1. List the strands (runs of 3 or more DSSP E) that sit entirely inside the stretch 18-114 and contain at least 3 residues that are modelled with pLDDT of 95 or more.
2. Taking the condition under 11 Å from the mean Cα position of the chain (by Cα) and surrounded by fewer than 18 Cβ atoms within 10 Å (Cβ to Cβ), does Asp82 pass?
3. Please enumerate the residues belonging to the stretch 67-82 that are under 16 Å from Thr45 (Cα atoms) and of a type outside the set (Gly, Ala, Ser).
4. Starting from the stretch 64-80, take each residue that is in contact (Cβ under 8 Å) with a residue 40 or more places away in the chain and more than 18 Å from His49 (Cβ to Cβ) and list its partners that are part of a loop (DSSP other than H, G, I, E, B) and hydrophobic (A, V, I, L, M, F, W, C), counting only C-beta distances under 9 angstrom and pairs at least six apart or across chains.
5. Just a yes or no: is a residue in the stretch 55-63 over 12 Å from the mean Cα position of the chain (by Cα) and under 24 Å from Asn100 (Cβ atoms)?
6. Restricting to the stretch 1-17, name every residue that is part of a helix (DSSP H, G or I), hydroxyl-bearing (Ser, Thr, Tyr) and either farther than 25 Å from Cys92 by Cβ or modelled with pLDDT under 95 (or both).
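The values are calculated or read from the model by the stated rules, or taken from the named source; none is laboratory data. The structure displayed is predicted, hence computed values, not measured ones. Cβ: placed from backbone, ideal geometry, glycine included. Neighbour counts: every protein chain shown.
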Amino acid sequence: MSTTDTTLLELIEKTLDDNKAENIVTIDLKGKTSIANYMVIASGTSNRHVAALADKLKYTLKQNGYNTTSEGEEKANWVLIDAFDVIVHIFCPEVRDFYNLEKMWNTAAELRKN
């Protein structure tokens, strides 16, 4: 893991944890796909919490010099934040259970729970 990857990943995990995201899981994608090196999946307790987590994460990343793109803020049941080397998915619990990204990527990558 490069220093840049480590710093970005730790910043994302810490920001989500500090803002009470639940069930934070990091999936190592290196060598499995070209979309990113890591995927972080987390849950908020409600649509409002998901939106707040996404806003805070985007703000924190911007303050630390990272550019992001995102989508899903309008409904806020699933917000995707692309931080280049790390893709972040923030879900409402029922949407996370339905799509079950951990299971889909588990066969291709190593899971790390925070």
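1. Values: elements: 22-28, 38-43, 69-71, 78-82, 86-91, 110-113.
Once the strands (runs of 3 or more DSSP E) in the stretch 18-114 are filtered for at least 3 residues that are modelled with pLDDT of 95 or more, what remains is 22-28, 38-43, 69-71, 78-82, 86-91.
2. Details: under 11 Å from the mean Cα position of the chain (by Cα): yes; surrounded by fewer than 18 Cβ atoms within 10 Å (Cβ to Cβ): yes.
Yes.
3. Glu73, Lys75, Asn77, Trp78, Val79
4. Matching pairs, first to second residue: Tyr66/Ala83; Tyr66/Phe84.
5. Scanning the stretch 55-63 turns up no residue that is over 12 Å from the mean Cα position of the chain (by Cα) and under 24 Å from Asn100 (Cβ atoms).
6. Our first condition is that a residue be part of a helix (DSSP H, G or I); within the stretch 1-17, this holds for 3-17.
Checking the rest, the ones that are also hydroxyl-bearing (Ser, Thr, Tyr) come to 3-4, 6-7, 15.
Result: Thr3, Thr4, Thr6, Thr7.
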